[in-house]
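Trainee: Quick one: the structure is below, questions incoming.
The values are calculated or read from the model by the stated rules, or taken from the named source; none is laboratory data. These figures come from a predicted structure and were not determined experimentally. Cβ atoms come from the backbone with ideal geometry, glycine included; neighbour counts cover every protein chain shown.
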Amino acid sequence: MNKRKRIMIILFLILVGIFIISMTTIFENRITNNKNIEEIDIYEPFKKTNNFKLSNRDRYIKYYENHDYLSYEDVVTYVNIGLDYGFYKYIKPADTKKGINVLVNKYLKLDENYIPNDLEKIDDYYFINGNKNARLLRRDAKIAFEKMSKDSIENKTPVYGQSAFRSYDKQEYLYAEALKKLGEEKADLETARSGHSEHQTGLTIDVSSTKSGNMLVFENTKSYKWMLDNSYKYGFILRYPKGKEFIHGFMFEAWHFRYVGVKVATDMHNNYSNLTYEEYFYKFLD
Ligand SMILES: [Zn+2]
């Protein structure tokens, strides 16, 4: 091979080398550019949560600006619940198609004509003496409650029903009374406005440990402890736990239990005991 040919080959190899290096650089730049486009998607961290709703995306951003100590997951859940609007500020209809898992709260309202079509009367044996007009629960909840009450009585930690189903009108009356007596701020902590009471679902019951009715001191009884450890086995959850008032909007109510079915109640008890039903609902049932 003569010198000229060798130079030509070397030049050719150099050109090929330069070509490969340039192509690699261009390709890498393209990847970096794509990454930059993703990085400026401000919704990205919220999209990665399991309950992201496109229609709420700007509310997530706004809520996060004032609550940057929260995880993205919590921001998404809280906004889905409606915490960024506040209690009774942006009211939507409760979805009764969810059946025993319907969520009713200070953001979701039942129609004034809503009465469950399968209400049944709880047996007197499992109810306090008196309050005869509030002994109804939906069929599944009623069967579960009677079984729970029976077992609690046998265990000498009795749990009796004190107040179950209440109609829209009844709740309207109760709230009006509370309003007169306590003023709006306190009334709202203690009593739901009509349409916003879980008692209208026929899936909720206030309980006592005596036949004469003592729900307001239920927290101090062995029966309360028994309920915390056992109610989930029958499908009931403590609905307004301590420390979560900013979510459910009521004072802590040791006596107020909600039927959600054994599957959900057990999952909440075993795996998500720190969540309110609002949080659990928007994470897993919505
Ligand atoms: Zn109640």
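Trainee: Of the conditions (1) touching a residue at least 40 places away in the same chain (Cβ under 8 Å); (2) not in a loop (DSSP other than H, G, I, E, B), Phe250 satisfies every one except a single condition; which number is it?
Mentor: Of the numbered conditions (1) touching a residue at least 40 places away in the same chain (Cβ under 8 Å); (2) not in a loop (DSSP other than H, G, I, E, B), the odd one out for Phe250 is (2).
Trainee: Same structure, new question: Quick check: is even one residue across the range 172-179 of a type in the set (Ser, Thr, Tyr), away from the ligand (no atom under 12 Å from the Cβ) and either modelled with pLDDT of 95 or more or crowded, with 23+ Cβ neighbours inside 10 Å (or both)?
Mentor: If we filter the range 172-179 for residues that are of a type in the set (Ser, Thr, Tyr), which is where we start, we get 173, 175.
This time we only want the ones that are away from the ligand (no atom under 12 Å from the Cβ), so: 173, 175.
So of that shortlist, the ones also either modelled with pLDDT of 95 or more or crowded, with 23+ Cβ neighbours inside 10 Å (or both) come out as 173, 175.
Yes: one or more hits.
Trainee: Of (1) closer than 19 Å to Phe127 by Cβ; (2) within 15 Å of the ligand (Cβ to nearest atom); (3) of a type outside the set (Val, Ile, Thr), Phe250 satisfies all except one. Which?
Mentor: It fails just one condition, (1).
Per-residue answers, yes or no, for (1) in a loop (DSSP other than H, G, I, E, B); (2) more than 13 Å from the ligand (Cβ to nearest atom); (3) at negative phi:
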{"residue": "Ala187", "(1), (2), (3)": "no, yes, yes"}
{"residue": "Thr210", "(1), (2), (3)": "yes, yes, yes"}
{"residue": "Phe218", "(1), (2), (3)": "no, no, yes"}
{"residue": "Trp226", "(1), (2), (3)": "no, yes, yes"}
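Trainee: Still on this structure: Tally time: how many residues in the range 250-278 are touching a helix residue (DSSP H, G or I) at 6+ places or on another chain (Cβ under 7 Å), surrounded by fewer than 21 Cβ atoms within 10 Å (Cβ to Cβ), of a type outside the set (A, V, I, L, M, F, W, C) and under 25 Å from Ser71 (Cα atoms)?
Mentor: Count: 2.
Trainee: Continuing with the same structure: Filter the range 189-208 for residues that are among the hydroxyl-bearing types (Ser, Thr, Tyr) and either touching a Cys at 6+ places or on another chain (Cβ under 9 Å) or more than 13 Å from the ligand (Cβ to nearest atom) (or both) and give the result. Can you show your working first?
Mentor: So in the range 189-208, the residues among the hydroxyl-bearing types (Ser, Thr, Tyr) come out as 191, 194, 197, 201, 204, 208.
Passing the criteria: only Ser194.
Trainee: Quick check: anything in the range 152-164 touching a residue at least 40 places away in the same chain (Cβ under 8 Å), assigned to a helix (DSSP H, G or I) and more than 13 Å from the ligand (Cβ to nearest atom)?
Mentor: Looking through the range 152-164, at least one residue is touching a residue at least 40 places away in the same chain (Cβ under 8 Å), assigned to a helix (DSSP H, G or I) and more than 13 Å from the ligand (Cβ to nearest atom).
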